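The next block holds one structure in the form of structure tokens; read it before the comments.
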Amino acid sequence: MTTRPDDFEERRRHLAGMSDEGLATYFWELADKVTDPLVVLARTHTSPSIERSVLLRMGFSSLEAKAIVDKCVEKRLLGKGAGHVVWQLSSARGMSVREAGAALAEGRMWDDVAALFGAGR
């Protein structure tokens, strides 16, 4: 097995003059640079399992969450976010999030949702 040449001193040269505070700042700049694409991806992509998880955290049962997400997929609204769909309906109709989600899980009020989000958008 060949050994790797020791180039540590050369690679750290640009860090040598930094203070602890400067190193910490530089670390967080690099961390932000590395994670920025992940943040963008999370904002622009979702999946049925993620949306079911959101609804579960909003207090819906797994059966209710599945029904809402399945209908969001059917109506091509998953990209809006299933929890967002429920919240928008509750806000627009002056009802609780629980009431709005239960209605959607039962298959009701989807025409209202289509009107809120614009059919065909």
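The values are calculated or read from the model by the stated rules, or taken from the named source; none is laboratory data. Owing to the predicted nature of the structure, the values given are computational and were not obtained by experimental measurement. FYI the Cβ positions are ideal-geometry reconstructions off the backbone, even for glycines, and counts take in every protein chain you see.
A few remarks follow.
- Any hit, the stretch 76-87, residues being in a helix (DSSP H, G or I), of a type in the set (A, V, I, L, M) and at pLDDT below 95: yes
- Each residue in the stretch 78-121 was checked for being within 20 Å of the chain's Cα centre (by Cα) and not polar (S, T, N, Q), and 14 pass.
- Tally of residues being surrounded by fewer than 17 Cβ atoms within 10 Å (Cβ to Cβ) and under 21 Å from residue 43 (Cα atoms) across the stretch 75-115: 5
- Test result for residue 67, in a helix (DSSP H, G or I), out of contact with any Ser or Thr (no Cβ under 6 Å at 6 or more places or on another chain) and of a type outside the set (S, T, N, Q): yes
- Residue pairs meeting the criteria (Cβ under 9 Å; at least 6 apart or on separate chains; first of a type in the set (Gly, Ala, Ser) and exposed (fewer than 10 other Cβ atoms within 10 Å of the Cβ), in the stretch 8-31; second at pLDDT below 95 and in a helix (DSSP H, G or I)): 16/9
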